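All of the numbers you see were taken from the coordinates with simple rules; none came from a lab. If you're wondering where the values come from, they're calculated on a predicted model, not measured in any experiment. Counting neighbours? That spans all protein chains shown, and the Cβs are built from the backbone with ideal geometry, glycine included.
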C-alpha cells in the first residue's frame, strides 16, 4: 500500500480551526475531540488517497465521526487538502468554496 505525504492549504487549516472553535463553544473538550477526529481521518487519508469519488473536480472523503467532508487532490506523492467542510452547508456553498480554494 502506498503512503502519501499530506499538505493542508491555509484555507483547510482555517476550516479546521473554525470548526474546532465552534465545537469548543458548544461543549468543553468537544473542540479537542473534533480536532483529534479530523487528524485521525487525515492520517488515514495518507494511506487511502485516491479511492474516493470526485466532486467539483476534487476527491471527496467523508469523515468518520463528524459530518464533514475533506476535499483533496493528489500531486505526485502528496495529498493536498483544499477544504474541510460541514455536510449540512448548502451544496452551492461547497461549490463556491471549492472553486475558490482549488485555483
Which numbered condition trips up residue 36, out of (1) under 15 Å from residue 7 (Cα atoms); (2) out of contact with any helix residue (DSSP H, G or I) (no Cβ under 9 Å at 6 or more places or on another chain)?
-> (1)
Could you give every pair whose Cβ atoms fall below 7 Å, whose first residue belongs to region 1-30 and is without any contact (Cβ under 8 Å) to a residue 40 or more places away in the chain and on the phi > 0 side of the Ramachandran plot, and whose second residue is assigned to a helix (DSSP H, G or I) and surrounded by 13 or more Cβ atoms within 10 Å (Cβ to Cβ), counting only separations of at least 6 or pairs across chains?
-> none
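Here are some residues: 49, 53. Which one is more than 21 Å from residue 89 (Cα to Cα) and in contact with a strand residue (DSSP E or B) (Cβ under 7 Å, 6 or more places away or on another chain)? Quick ask: steps written out before the conclusion?
Values: 53 fails: more than 21 Å from residue 89 (Cα to Cα).
None of the others qualify; the one that does is 49.
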